[in-house]
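J.: What follows is a structure written as structure tokens; I'll ask about it next.
Throughout, read-outs are computed from the coordinates displayed, never taken from laboratory work. Given the structure is predicted, the values throughout are model-derived calculations rather than measurements. All Cβ positions, even for glycine, are placed from backbone atoms using ideal geometry, and neighbour counts span all protein chains on display.
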Amino acid sequence: MTVRFEEALASRGIAVQLRGAERFYERAEVKQAIGLLRAAARSASPDEDPAEQVRPVLIGLGLTKEPPAGRGKTAERWESLDALARLAAEFFAAQPDARLADLAAELAVRSAIGHAPGAAGVTLASLHAAKGLEWDAVFLPCLTDGALPISYAVTTQAIEDERRLFYVGLTRARDRLFLSWAVAREPGNRGARSPSRFLADVQARPALARPRAGREGARS
């Protein structure tokens, strides 16, 4: 889930710190894909459409049209490859004259930005990794049923565990808290997503989401 946010921030030159997740460009499948794209760029014909050369490489690494069900390593690998496919499509759409070598160079730049050690910037964290930490402003996106609570949380106990995790997110903000959800996974798609049922708790008890001054905690 953090991949899209990490890429969006890196593309704008905003340093990113990750907690509870592996950096996008440190993932084995991303390194492998970039290596294969660089190799393809060295042997690519000037007459070939570079945008058409990207997807076969990613398909060879396991990219499929639809994401795998559930979570885990397989889903994370698919998400990485899908992110690279979208990045490449956006890059060539914005720069029609660019070649595959230009994409490889762009990926190198974004990788360097994402790997800036100790740089001040935006912290991306899972709700589990955010426990015990605080920030002045906190954004909780993707608040849809199926994401929070996660789709496979079907028992009463599992739902309550997800609710407590939501509360952890709410209480990480010192000053400002932003909650959001989207009706579709991609812009322009027709979606059938519904806002998280937990948002009703915030509407009924707004004090749940009110940042509390004077609290002590680690900052990132």
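J.: Loop only per DSSP, at most 12 neighbouring Cβ atoms within 10 Å: give me the chymotrypsin sites (Phe, Trp or Tyr not before Pro) in the stretch 89-178, ordered by residue number.
T.: Tyr152
J.: Still on this structure, please answer the following. With labels modelled as points extended 7 Å from the Cα through the Cβ direction, what inter-label distance (nm, one decimal) is found for Asp175 paired with Ser11?
T.: 2.9
J.: Let me ask something else. What are the lysines whose alpha-carbon lies under 18 Å from the alpha-carbon of Lys31, with same-chain residues fewer than 8 places away excluded?
T.: Within the straight-line limit of under 18 Å, Lys31 reaches these lysines: Lys73.
J.: Along the Cα→Cβ direction, 7 angstrom out, place labels at Arg86 and Asp47. What is the inter-label distance in nm?
T.: For the pair Arg86/Asp47, the computed spacing is 3.5 nm.
J.: Could I ask something else about it? What ranking do Ser11, Ser180, Ser196, Ser45 get, fewest neighbouring Cβ atoms within 10 angstrom at the top?
T.: Ser45, Ser180, Ser11, Ser196
J.: Still on this structure: For a quick check: sort Asp97, Asp175, Asp102 by the number of other beta carbons within 10 angstrom, fewest at the front.
T.: Values: Asp97 7, Asp175 11, Asp102 15.
If I rank by nearby Cβ atoms, fewest first, I get Asp97, Asp175, Asp102.
J.: Can you give the relative contact order of the stretch 22-114 as a percent, counting alpha carbon pairs under 8 Å and 6+ residues apart?
T.: 41
J.: Right, here's the next one. With a Förster radius of 30 Å, plug the Cβ-Cβ distance of Ile159 and Ala137 into 1/(1 + (r/R0)^6) and report the FRET value to the nearest 0.05.
T.: With R0 = 30 Å, the Cβ-Cβ based efficiency is 0.60.
J.: Could you size up the charge dipole of the stretch 22-114 around its Cα centre, putting +1 on the beta carbon of Lys and Arg and -1 on that of Asp and Glu, and report it in debye to the nearest 20?
T.: 400
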